[in-house]
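Enquirer: So that we are looking at the same thing, I have put the structure below in structure tokens.
The values are calculated or read from the model by the stated rules, or taken from the named source; none is laboratory data. Just so it is clear, the structure is predicted and the values come from calculations on it, not from any experiment. Note: ideal-geometry Cβ built from the backbone for every residue, glycine included; neighbour counts use all protein chains shown. Areas reflect the complete protein model, heavy atoms only, side chains present, ligands, DNA and RNA absent. Shrake-Rupley method; radii C 1.70, N 1.55, O 1.52, S 1.80 Å.
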Amino acid sequence: MRVVFMGTPNFAAASLQRLYDDGFDVVGVFTQPDKQQNRGMKHQMSPVKSLALAHATPVFQPVTLKDAEVLRQLCALMPDVIAVVAYGKLLPPEILSLPPYGCINIHGSLLPKYRGAAPIQRAVLDGETTTGVTSMYMAPQMDAGDMIFTEETPIGDTETAGDLFERLAVIGAALLSKTLWALADKTAPRIKQDERFVTVAPPLSKDMTPIDWGKSTREILCHIRGLIPWPVATADIGGTVFKVFRAEAVQTDKSAAPGTFLSADANGLVVTCRDGAVRLLEVQAPGGKRMAAGDYLRGHPLCQ
């Protein structure tokens, strides 16, 4: 089966590697243009591009897919199927209808829940206990195509969005392989999404980072876990805004308003919330390094 692969980050690279490992004929790879770095303004290629070049696969990096040249390039590659994993762009109708087996997408949720750009992070933010990946036939509307296969997995109590990305990348890669074999065998099902259960997963933004101490312990811990690795939750403690990478729930018998700074010692920083308190275990002060909160406090004692 001749496969054109479209993807960009590490999450997608795992799927591309699986296609190589399984012996699929990857005839071309599309990925986002190289990005300039802040220091030195050097260009950095995507993980998918690095992998494709290592396998001597032709790489294409169009700024837009709505260019006649892109369609010409795709036609020349004569793909049986186009596999899309975290590519970052919608495919125009003329591309969706090009390959005989269609355009297939691997999405990081159990559709129809969490359609959109940040399904993995939103599932953690919302306190979901399970999530998964879905393979589907792509449609003009975002993440609305007929489903093929799903694979469910639990979300661990301390698992961050970053942790989950790594696990789902592997699960998604296996699901893509299963899907392509089923397409080749003409056994792939086509299951319509139930529109009654659609939810959306919009992109994250930096204005989401401040911790709302008026929320419950569980909501705050989910907030912290869901914003790792980006944009990372923040806590204003005595005028210093810390990035928070790890925290835990704390039982307290002290009666204090949410957001009250209770203690700072070798075990971390403790702040009250709606139904208890949260101990900040791993933080990063402005201009500093990420470290255990206790280590930070040894050099920077805070007034209570």
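Enquirer: Taking the stretch 209-235, which residues are part of a strand (DSSP E or B) and surrounded by fewer than 14 Cβ atoms within 10 Å (Cβ to Cβ)?
Expert: Step one: list which residues in the stretch 209-235 are part of a strand (DSSP E or B), which gives 210, 233-235.
Passing the criteria: only 210.
Enquirer: Somewhere in the stretch 35-53, is a residue farther than 26 Å from residue 162 by Cβ and surrounded by 18 or more Cβ atoms within 10 Å (Cβ to Cβ)?
Expert: no
Enquirer: Can you find even one residue in the stretch 130-138 that is more than 14 Å from residue 6 (Cβ to Cβ), surrounded by fewer than 21 Cβ atoms within 10 Å (Cβ to Cβ) and modelled with pLDDT of 95 or more? Please lay out each step first, then the result.
Expert: Our first condition is that a residue be more than 14 Å from residue 6 (Cβ to Cβ); within the stretch 130-138, this holds for 130-137.
With surrounded by fewer than 21 Cβ atoms within 10 Å (Cβ to Cβ) added as a condition, the list becomes 130, 137.
Add one more test, that the residue is modelled with pLDDT of 95 or more, and what stays is 130, 137.
Scanning the stretch 130-138 turns up at least one residue that is more than 14 Å from residue 6 (Cβ to Cβ), surrounded by fewer than 21 Cβ atoms within 10 Å (Cβ to Cβ) and modelled with pLDDT of 95 or more.
Enquirer: Run residue 63 past the list (1) open to solvent by less than 40 Å² (accessible area, probe 1.4 Å); (2) more than 17 Å from residue 2 (Cα to Cα); (3) of a type in the set (A, V, I, L, M, F, W, C) and report the number of the one that doesn't hold.
Expert: Against the list (1) open to solvent by less than 40 Å² (accessible area, probe 1.4 Å); (2) more than 17 Å from residue 2 (Cα to Cα); (3) of a type in the set (A, V, I, L, M, F, W, C), residue 63 comes up short only on (1).
Enquirer: Okay, next question. For the stretch 180-223, how many residues meet the condition of being small (Gly, Ala, Ser) and within 24 Å of the chain's Cα centre (by Cα)? Give the steps one after another, and end with the answer.
Expert: First, pick out the residues of the stretch 180-223 that are small (Gly, Ala, Ser): 182, 184, 188, 201, 205, 214, 216.
Those still in the list that are within 24 Å of the chain's Cα centre (by Cα) too: 201, 205.
Qualifying residue count for the region: 2.
Enquirer: Please identify the pairs in which a residue from the stretch 1-23 that is among the charged types (D, E, K, R) has its Cβ atom under 9 Å from the Cβ atom of a residue that is open to solvent by less than 30 Å² (accessible area, probe 1.4 Å) and part of a loop (DSSP other than H, G, I, E, B), counting only partners at least 6 apart or on another chain.
Expert: Qualifying pairs under 9 Å: 2/24; 2/79; 2/99; 18/24.
Enquirer: All but one of (1) within 24 Å of residue 167 (Cβ to Cβ); (2) modelled with pLDDT of 95 or more; (3) surrounded by 14 or more Cβ atoms within 10 Å (Cβ to Cβ) hold for residue 21; state the number of the condition that does not hold.
Expert: (3)
Enquirer: Can you pull out the residues in the stretch 261-296 that are in a helix (DSSP H, G or I), in contact (Cβ under 8 Å) with a residue 24 or more places away in the chain and surrounded by 18 or more Cβ atoms within 10 Å (Cβ to Cβ)? Even if it seems obvious, please write down each step before you answer.
Expert: First, the residues of the stretch 261-296 that are in a helix (DSSP H, G or I): 293-296.
Filter once more, keeping what is in contact (Cβ under 8 Å) with a residue 24 or more places away in the chain: 293-294.
Hit for the stretch 261-296 is 293, nothing else.
Enquirer: Restricting to the stretch 119-129, name every residue that is buried (at least 22 other Cβ atoms within 10 Å of the Cβ) and in contact with an Asp or Glu (Cβ under 9 Å, 6 or more places away or on another chain). Write out each step before concluding.
Expert: Residues of the stretch 119-129 buried (at least 22 other Cβ atoms within 10 Å of the Cβ): 119-124.
Result: 119, 122, 124.
Enquirer: Right, next: Starting from residues that are touching a Gly at 6+ places or on another chain (Cβ under 6 Å) and open to solvent by 10 Å² or more (accessible area, probe 1.4 Å), keep the ones in the stretch 79-118 and report whichever is nearest to residue 12 (Cα to Cα). Walk me through it before giving the result.
Expert: We begin by selecting, within the stretch 79-118, every residue touching a Gly at 6+ places or on another chain (Cβ under 6 Å); these are 85-87, 106, 110.
Remaining after also requiring open to solvent by 10 Å² or more (accessible area, probe 1.4 Å): 86, 110.
On the way: 86: 6, 110: 18 Å.
Per the stated criteria, the residue is 86.
Enquirer: Right, next: Out of 149, 165, which single residue is under 16 Å from residue 121 (Cβ atoms), at pLDDT 95 or above, hydrophobic (A, V, I, L, M, F, W, C) and open to solvent by 20 Å² or more (accessible area, probe 1.4 Å)? Explain how you work it out, then say what you get.
Expert: Working: 149 fails: under 16 Å from residue 121 (Cβ atoms).
Going through 149, 165 in turn, the sole match is 165.
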